[in-house]
Amino acid sequence: MTQTLRKLITFDEFIAWYPENSQRRYELHDGVIVEMAPPTGDHEQIVGFLVGEIVTEYKRLKLPYFIPKTAFIKPTQSEAAYSPDVLLLNNSNLVNEPLWKKESTVSQAASIPLVIEVVSTNWRDDYFTKAGKYEEVGIPEYWIVDYLGLGGRRFIGNPKQPTISIYQLIEGEYQVRQFRESDRIDSLAFPELNLTAEHIFRAGEVA
């Protein structure tokens, strides 16, 4: 379960406080430091699978993208800093990011073609908080990979089942499409990506 340290701080204070070489992950949610729950093995297998597929695709297309090990998204209107499970960055725009060189932080939509969160126990953060903040930044595409079907019924339906929700920015607002079982993923960032929801969910299974 997500644990919080209840003291409102600024983004600059959060960056100064952040422990170096920590095995723990933290985010800043509207001035509150949040310690992220340690990932499970199947969560990490799915993240690793997605990273491999996306890297293969952007290399094939010769796009100036990369996936950093650790970086933050900072909405400009909030004292917040989010570290997604998969953050795809556009290397060409980082020169325009004032916080990139020293703080590994981006705030501009042009730097962020795609964000992916793989749901664990903190599903409310992914569906409620981060969807709104990523929309605010203007990130064109946001995936929520809910491989255990943990999200609320208002988000993934009833009965609950493993679901990938893809939010795509259209006229400044997110519109969501959902993918389950053998549905082929439809991505704006990678329209030729040949993946189904089942391919992704199976990545979390031990062979």
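Nothing in this text is a laboratory measurement; each read-out follows from the coordinates by a stated rule. What you see is a predicted model; the values in this text were computed from it and never measured. Don't worry about glycine lacking a Cβ; one is built from the backbone with ideal geometry, like all the others, and counts go over all protein chains shown.
What's the FRET efficiency of Asp186 with Lys59 using the Cβ-Cβ distance as r and R₀ = 22 Å, to the nearest 0.05? If you can, show how the numbers build up before the last one.
Numbers: r = 21 Å, r/R0 = 0.96.
Approximately 0.55, to the nearest 0.05.
Please work out the Cα center distance from region 98-126 to region 15-30, rounded to the nearest Å.
Result: 14 Å between the Cα centres.
Which entries in the list Lys74/Lys160; Lys102/Lys133; Lys74/Lys102 go over 25 Å, if you measure between the two C-alpha atoms of each?
Violating the 25 Å Cα-Cα cut-off are Lys74/Lys160.
Relative contact order (percent) for the chain, with alpha-carbon contacts under 8 angstrom and 6 or more residues of separation?
Details: 364 pairs, mean separation 32.9, N = 207.
The normalised contact order for the chain reaches 16 percent.
Please report the relative contact order for region 137-207, taking Cα pairs under 8 Å with a sequence separation of at least 6, and give it as a percent rounded to a whole number. Don't skip to the end; give the middle numbers.
Details: 100 pairs, mean separation 17.4, N = 71.
The normalised contact order for region 137-207 reaches 25 percent.
What net charge do the residues around Ile170 carry, taking every other residue with its C-beta under 14 Å from that of Ile170, with Lys and Arg at +1 and Asp and Glu at -1? Before the final figure, lay out each step's value.
Values: positive: Arg177; negative: Glu135, Glu141, Glu171, Glu173, Asp186.
Net of charged neighbours comes to -4.
Starting from 0.36 nm per residue, how many nanometres of slack lie between Glu136 and Thr70 once their C-alpha separation is accounted for?
On the way: separation 66, 0.36 × 66 = 23.76 nm, distance 2.15 nm.
Value of the extension gain: 21.6 nm.
Counting Lys and Arg as +1 and Asp and Glu as -1, each charge on the Cβ, what is the dipole of the chain about the Cα centre in debye, to the nearest 20? Spell out each step's value before the answer.
Numbers: 21 positive and 29 negative charges, 30 e Å.
That gives a dipole near 140 debye.
Report the percentage of all Cα-Cα pairs in region 6-105 whose separation exceeds 21 Å, rounded to a whole percent. Can you show the working numbers first?
Working: 2079 of 4950 pairs.
Summing the P(r) of region 6-105 above 21 Å gives 42 percent of all pairs.
So if R0 is 22 Å, what FRET efficiency would Phe128 and Ile9 give, r being the distance between their Cβ atoms, rounded to the nearest 0.05? Mind dumping the intermediate values first?
Numbers: r = 22 Å, r/R0 = 0.98.
That pair, Phe128 with Ile9, gives E of 0.55.
Kirkwood Rh, the chain, all Cα pairs: how many Å?
Working: mean 1/r = 0.0571 Å⁻¹.
Final number for the Kirkwood radius of the chain is 17.5 Å.
For region 53-103, how big is Rg over Rh, using alpha carbon atoms and the Kirkwood form of Rh? Kindly include the intermediate steps, with their values, before the conclusion.
Numbers: Rg = 12.3 Å, Rh = 12.3 Å.
Rg/Rh: 1.00.
Can you pull the three principal axis extents for the Cα set of region 69-149, in Å, largest first?
Largest to smallest, the principal-axis extents are 39, 22, 21 Å.
I'd like the distance separating the alpha-carbon centroids of region 138-182 and region 38-70, in whole Å.
Between the Cα centre of region 138-182 and that of region 38-70, the gap is 19 Å.
What would the Debye formula give as log10 I(q)/I(0) at q = 0.14, 0.17, 0.18, 0.19 Å⁻¹ for the alpha-carbon point model of region 103-207, no solvent?
Log10 I(q)/I(0), no solvent term: -0.55, -0.80, -0.89, -0.98.
Quick one: among Glu35, Glu136, Glu13, which has the greatest mean-square fluctuation in a GNM of the chain with alpha-carbon springs under 10 angstrom?
Comparing Glu35, Glu136, Glu13 in the GNM, the peak value goes to Glu13.
Once you order the gyration tensor axes a ≥ b ≥ c over the Cα atoms, which shape class does region 148-207 get: rounded for a/c under 1.5, otherwise prolate or oblate by comparing a/b with b/c? Display every interim value, and only then the final one.
Details: a/c = 2.61, a/b = 1.17, b/c = 2.22.
Oblate, because a/c is 1.5 or more while a/b does not exceed b/c.
What are the ³J(HN,Hα) couplings of region 82-87, residue after residue, when phi is run through the Karplus curve with 6.51, -1.76, 1.60 and θ = phi - 60°? Round to Hz, x for glycine and proline.
Rounded to whole hertz, the list is 10, 10, x, 4, 9, 10.
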